[in-house]
Structure formats: structure tokens, C-alpha cells
Amino acid sequence: MEINIEIDNKAIGQRIRGGREKFKLSREEFAEIIGLSDYYVGQLERGERQMSLPVLVKIASCLHVSLDYLVWGKITYDEYCIRDGGSTYSTLNNSNDRELHELINRCSPKELKLVKKLIKTVLPYVDKN
């Protein structure tokens with residue numbers, strides 16, 4: 001059984017450029033941050049080159065986006081759930097929850113660690129009613 005998945009390098013490149021511009025980084029600044037040449041980054045942004053997985057991960061991490069978003073243009077799962085002892089709790093019941101999920105999804109591992117610490121610090125003081 002053969003699975004044929006087409007990767008749209010041009011679309012990936014547009015998402016990379018959009019992310020870079022969102023952070024107001026020049027191509028040269030962005031290339032320096034991720035340790036690549038600005039010429040190579042330009043080729044990626046134009047969809048002229050296909051990157052390796054380590055480069056894809058570096059770029060996604062730098063832009064604070066998921067690999068799913070960078071490759072496919074969307075998050076490939078519909079709902080973020082928390083599993084606790086066999087029970088599943090949906091965290092996407094309303095638009096505020098979706099916004100929270102999107103914000104968390106953009107966090108780097110270091111930022112996620114800080115968010116977890118903040119939540120653990122604040123929760124004991126939140127009125128549960």
C-alpha cells in the first residue's frame with residue numbers, strides 16, 4: 001500500500017515568511033537566529049528548496065508554531081483534551097478555551113515550563129465555585 005502525500009514547499013515558505021514578518025525580523029536576522037544562511041532561508045521562503053526535519057523543527061520553534069501548522073497550514077487535530085485516570089476532559093468548550101489552546105500551542109518548551117509554574121502557583125487561590 002503506497003501513501004502519496006504531497007508537500008507544498010511554496011505554502012510552507014509563505015508560512016515561514018509570514019511568521020518571520022510577524023516578529024518583524026529581516027531575513028538576515030531570522031537566518032542568524034536559526035543558524036542558516038539568509039540565501040538558504042530565501043530559497044525556503046520561495047518554496048525552491050525542501051528542508052530537513054532538524055531545520056523544520058528549528059524554524060517552527062523559532063516562530064512558536066507547531067510542525068503541523070508549518071507543514072499543513074493547520075493543527076491536524078480538532079480538540080485538545082486532558083486525560084486523567086481514564087476520564088477525558090475537553091478544554092475546548094468555548095472560544096476562550098480555543099484562544100488559550102492557540103496561545104499555549106505557540107509556546108516554546110521554556111515558555112510552557114513557565115506557564116505550568118504560573119498555573120500551579122495561582123490555582124490554590126482560585127475560587128472553585
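Below are the figures for this structure:
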read-out: Residues satisfying the stated conditions in the range 103-128, i.e. loosely packed, with under 10 Cβ neighbours inside 10 Å and within 20 Å of Ile59 (Cα to Cα); value: Pro109, Lys110
read-out: Scope the range 35-77; condition part of a helix (DSSP H, G or I) and among the hydroxyl-bearing types (Ser, Thr, Tyr); matching residues; value: Tyr39, Tyr40, Ser61, Tyr69
read-out: Some residue of the range 79-87 being among the aliphatic types (A, V, I, L, M), loosely packed, with under 11 Cβ neighbours inside 10 Å and either modelled with pLDDT of 95 or more or not in a strand (DSSP E or B) (or both); value: no
read-out: Flag for Ile16 being under 18 Å from the mean Cα position of the chain (by Cα), in the same structural domain as Pro54 (by TED's automatic domain parsing), surrounded by 13 or more Cβ atoms within 10 Å (Cβ to Cβ) and under 15 Å from Met51 (Cβ atoms); value: yes
read-out: Some residue of the range 27-36 being surrounded by 15 or more Cβ atoms within 10 Å (Cβ to Cβ), at pLDDT 95 or above and either under 20 Å from Glu102 (Cβ atoms) or in the same structural domain as Ile104 (by TED's automatic domain parsing) (or both); value: no
read-out: Flag for Lys58 being at pLDDT 90 or above and within 22 Å of Leu112 (Cα to Cα); value: yes
read-out: Cross-chain or 6+ apart pairs with Cβ under 8 Å, the range 51-80 first and among the polar types (S, T, N, Q), then part of a helix (DSSP H, G or I) and modelled with pLDDT of 90 or more; value: Ser66/Ala60
read-out: The range 27-63, residues that are within 24 Å of Pro109 (Cα to Cα) and of a type in the set (Ser, Thr, Tyr); value: Ser52, Ser61
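The values are calculated or read from the model by the stated rules, or taken from the named source; none is laboratory data. Bear in mind that the values here come from a model prediction, so they are computed numbers and not experimental data. Because the Cβ atoms are built from the backbone with ideal geometry, glycine has one as well, and the counts that use them run over all protein chains shown.
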